[in-house]
1. I'd like the residue in the stretch 252-292 that is among the polar types (S, T, N, Q), modelled with pLDDT under 50 and closer than 23 Å to Gln165 by Cβ and, out of all such residues, is farthest from the chain's Cα centre (by Cα).
2. Within the stretch 176-186, how many residues are crowded, with 19+ Cβ neighbours inside 10 Å and either more than 18 Å from the chain's Cα centre (by Cα) or within 18 Å of Asp107 (Cβ to Cβ) (or both)?
3. Give me the strands (runs of 3 or more DSSP E) completely within the stretch 1-75, filtered to those with at least 3 residues that are on the phi < 0 side of the Ramachandran plot and in contact with an Asp or Glu (Cβ under 9 Å, 6 or more places away or on another chain), ordered by residue number.
4. Go through Leu7, Leu101, Leu38, Leu109 for me and flag whichever is farther than 28 Å from Ala184 by Cβ and in contact (Cβ under 8 Å) with a residue 60 or more places away in the chain.
5. Might you check whether a residue that is modelled with pLDDT under 85, within 24 Å of the chain's Cα centre (by Cα), under 17 Å from Gly34 (Cα atoms) and not assigned by TED's automatic domain parsing to the domain that holds Arg37 occurs anywhere in the stretch 231-251?
6. What's the total number of residues in the stretch 59-73 that are within 15 Å of Trp110 (Cβ to Cβ), surrounded by 10 or more Cβ atoms within 10 Å (Cβ to Cβ) and not charged (D, E, K, R)?
Amino acid sequence: MLDPHELYEVVEDLPELGRPVMVEALTGVVDAGGAVRLASDHLLTALDHRLIATFDVDRLLDYRSRRPTMTFLRDRWEHYDEPVLGLHMVNDNAGTPFLLLAGLEPDLLWKRFTAAVRALVGQLGVQLTVGLNAIPMAVPHTRPCGITAHATRQDLIVGYEPWLQRVQVPGSAGHLLEYELGRAGQDAMGFAAHVPHYLSQTDYPAATEALLTSLSRATGLLLPLDGLRSAAAVVRENVDRQLAQGGDAAVLVGALEEQYDAYVRGREGTSLPTATTGPLPTADELGAALERFLAEQTEPGGPPTTS
């Protein structure tokens, strides 16, 4: 492997961090409801921060698969939205520093990239790495946002019930990082928020709130949530208003509620059981039906649809 240190640059006047937590919030892999992107944006907007390390995106990104945007003004190119993949030092509400790895997930050189991040973990004395994810699931928006927790040591996630047993999924750079840290004997964990499938294509701040709440509980960091709570309430109100008009989408959401409540009462299976009142539509059927319904009901100037 080529030297992973060539993939990043660190500021010369590196501050004293003690034994910080590092939060991994890379976007590009499945990010249902934009929850991870919202988490990164929220933390960097609400808290004092400083960029202390940057990665060479020209080596790590495939621009053809995720083309950066450019702004054209009349007769010239006015702006290039340059992608950034970097490590930020952030101070929580109590002034405790932590690290935030944010930006686009690398398309290339995953092994070299994760080796580079592990080198930074060692250099900066990181005590725990926490990854954030959000996945679409057949759950209703009217129930608390669920969280799947995973870790390199089981005692890091005491109190979290598993939703799945053995399953194969497409990998990500963030998940590979957690795996490699575990193999090296370093503490790492992750949280995945469960986003209603029919809302996975729109911003869903309730999932971001659930992620940051879990992050705070696991690390002791004092993170701001107020803006997320108000945004989540607005989304909930808009969706409820449209579903209150009835139709197929309302029936399907009701079926998901029955399924969810049956799961909570029993917790007998390794995944969500089928509805007790009959066959439950698939996640694709639910999403398509609700998107059609909201598109038909939304008028110009009204609340945004989920599509």
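1. Taking the stretch 252-292 as the starting set, the residues that turn out to be among the polar types (S, T, N, Q) are 259, 270-271, 274, 276-277, 282.
From the residues that got through so far, the ones that are modelled with pLDDT under 50 too are 270-271, 274, 276-277.
In the following step, the residues that additionally are closer than 23 Å to Gln165 by Cβ were identified as 270-271, 274, 276.
Working: Thr270: 23, Ser271: 21, Thr274: 27, Thr276: 31 Å.
Top of the filtered list is Thr276.
2. 2
3. Filter on the stretch 1-75 gives 21-27, 49-55, 70-73.
4. Leu38
5. No, because not a single residue in the stretch 231-251 is modelled with pLDDT under 85, within 24 Å of the chain's Cα centre (by Cα), under 17 Å from Gly34 (Cα atoms) and not assigned by TED's automatic domain parsing to the domain that holds Arg37.
6. 2
The values are calculated or read from the model by the stated rules, or taken from the named source; none is laboratory data. Values in this document were obtained by computation on a predicted structure and should not be read as measured data. Cβ sites come from the backbone with ideal geometry, for glycine too, and all protein chains shown count toward neighbours.
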